[in-house]
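So the structure is just underneath, and the comments pick up after that.
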């Protein structure tokens, strides 16, 4: 696996800790949108040092192919982060599976960037990492995400009841999965 990939319009790159300032800016610019769909974060999350430590930890996990986060930006842009797509909780052995994660800044919605980068990430998962199954979770009310997963061929498999606590309330995730065509 490489640390950097390109699609028609985008670059997917595993960042090192030197990109902490850009990552922090991405999170600050999209804080309100992202926090609506994620667990409560510690106050220090929005600091350069916290993001530097997170990036170093993520880099170490990527080197071991345990969890891989790609930061996405436009090829022809100024390097501003558009979003992130990740393969998390990579399980080997008889499972050969992982969970897909993604989030894109509101300024980049509606351009097909999530779809383009997820397709490349799925290619990496199935062809390069040899995974058999990729799962994705979405809150039912996140209709954009549900629509995207359906358009990519993910199939709804059920609900994970009260699987995440968001703003003090337990929420249910919808579970979707995609199986490698090479193994069918």
Just to verify a result, which residue in the range 135-177, among those that are in contact with a helix residue (DSSP H, G or I) (Cβ under 7 Å, 6 or more places away or on another chain) and not in a helix (DSSP H, G or I), is nearest to residue 97 (Cα to Cα)?
136
Quick check on this structure: which one of 81, 90 is touching a strand residue (DSSP E or B) at 6+ places or on another chain (Cβ under 6 Å), surrounded by 16 or more Cβ atoms within 10 Å (Cβ to Cβ), touching a residue at least 40 places away in the same chain (Cβ under 8 Å) and within 23 Å of residue 32 (Cα to Cα)?
81
In the range 39-52, residue nearest to the chain's Cα centre (by Cα) [restricted to those that are surrounded by 11 or more Cβ atoms within 10 Å (Cβ to Cβ) and more than 26 Å from residue 162 (Cβ to Cβ)]:
51
Does residue 128 meet the test of being more than 19 Å from residue 37 (Cβ to Cβ) and out of contact with any strand residue (DSSP E or B) (no Cβ under 9 Å at 6 or more places or on another chain)?
yes
May I ask you to verify whether residue 118 is at pLDDT 95 or above and closer than 23 Å to residue 29 by Cβ?
yes
Kindly indicate the residue of the range 27-38 that is more than 17 Å from the chain's Cα centre (by Cα) and at pLDDT 95 or above and also surrounded by the fewest Cβ atoms within 10 Å (Cβ to Cβ) among those meeting that condition.
28
Only residues that are more than 13 Å from the chain's Cα centre (by Cα), in contact (Cβ under 8 Å) with a residue 60 or more places away in the chain and outside any loop (DSSP other than H, G, I, E, B): list them for the range 116-134, please.
124, 128
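Per-residue answers, yes or no, for (1) over 20 Å from residue 124 (Cα atoms); (2) in contact with a helix residue (DSSP H, G or I) (Cβ under 6 Å, 6 or more places away or on another chain); (3) at pLDDT 95 or above:
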| site | (1), (2), (3) |
| --- | --- |
| 40 | yes, no, no |
| 47 | yes, no, yes |
| 50 | yes, yes, yes |
| 57 | yes, no, yes |
| 62 | no, no, yes |
| 78 | yes, no, no |
| 81 | yes, yes, yes |
| 85 | no, yes, yes |
Mind checking which residues of the range 135-167 are loosely packed, with under 11 Cβ neighbours inside 10 Å and touching a residue at least 24 places away in the same chain (Cβ under 8 Å)?
151, 167
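The values are calculated or read from the model by the stated rules, or taken from the named source; none is laboratory data. Small disclaimer: the values here were computed from a predicted structure and weren't measured. So basically every Cβ, Gly included, is an ideal-geometry build from the backbone, and we count neighbours across all protein chains shown.
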